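Take a look at the structure set out below.
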Amino acid sequence: EKKKRGGDMELQIGFDDFGKVREKGLNFVDKTLFIKEVLDNKNTEVSVITRPRRFGKTFNLSTLHHFLASEVNQQKTEKLFDDLKISTVDDGSYMQHQGKFPVIFVSFKGIKETTFQGALKSLQMLIQEMYRTHRYLISSSRLEQDEKELIKAFLSGKTDQANLEGSLKILCELLCKHSDKKVYLLIDEYDTPIQAGYLNGYYSEIINLMRGMFGAALKSNP
């Protein structure tokens, strides 16, 4: 079923930002009931969604991001789902969850370097930008001074490989402490750096780094 707001423009291939799609009134297929599946699936802490290219994985993840978070890219999300399927199921009961969670959204799609050192530098910049999105934590009354200094270290971009491997888990812990809520961690194109490493001869180095990062963030992380 197609939904539109304020226009009748077709959604172009590769246009994968849900907020911009709604803002521009582009036509799209309403798949928001998958949000219900995510919220109902309380027994599974980690889910991996594998589909072919151009199947809408990034757009669906962006949709989930906009549903869970109160702001995305400094834009309020509260009105984006008013006329979509998720707002009508079970008398709209799922909308009580809209905008109520801390969310980390990170995409590894740009990590396609030809050397491991290049990949390491790009990952440092990616994590720096991720922490910049949550720099308000520096002013949190719930965080200790040493935790705020750790945030500043990530913001500076001067982090080594060990810090990079712990970066996702650390931000999860700090957001949870700040908000007193469980954190949703949304990861897009997790395999792109690994594929680049395989194609360019640094597979063992990048797989160890990514294993460390994802292992810390997704395993035994309350």
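No value in this document is a laboratory result; all are computed from the given coordinates. Everything quoted here is computed from the prediction, not taken from an experiment. Cβ atoms come from the backbone with ideal geometry, glycine included; neighbour counts cover every protein chain shown.
Tabulated results
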{"quantity": "Label corresponding to volume of the Cα convex hull per residue in Å³ when calculated from the structure given, among (1) 103; (2) 133; (3) 155", "calculated": "(2)"}
{"quantity": "Label point distance in nm, D180-R135, each placed 7 Å from Cα along Cα→Cβ", "calculated": "2.8"}
{"quantity": "Amide H contacts under 5 Å for L26, placed H, 5+ residues apart", "calculated": "R5"}
{"quantity": "Straight-distance crosslink candidates among aspartates and glutamates, where the alpha carbon sits under 12 Å from K158 and sequence neighbours closer than 8 are dropped", "calculated": "none"}
{"quantity": "Principal axes of segment 132-222: Cα extent on each, largest first, Å", "calculated": "46, 26, 20"}
{"quantity": "Expected-Rg normalisation [2.2 N^0.38 Å, Cα atoms] applied to segment 18-90", "calculated": "1.13"}
{"quantity": "Normalised per residue, the volume of the convex hull around the Cα set of segment 76-144 (Å³)", "calculated": "147"}
{"quantity": "About the Cα centre, charge dipole magnitude for the chain (Lys/Arg +1, Asp/Glu -1 at Cβ), debye", "calculated": "240"}
{"quantity": "222 nm mean residue ellipticity, helices alone, for the chain (DSSP H n ≥ 4; -39,500 (n - 2.57); rounded to 500)", "calculated": "-14500 deg cm²/dmol"}
{"quantity": "Listed residue pairs exceeding 19 Å between alpha carbons, taken from K109/K177; K31/K109; K24/K79", "calculated": "K109/K177; K31/K109"}
{"quantity": "Placed amide H near S107: partners under 5 Å, 5+ positions off or other chain", "calculated": "D188"}
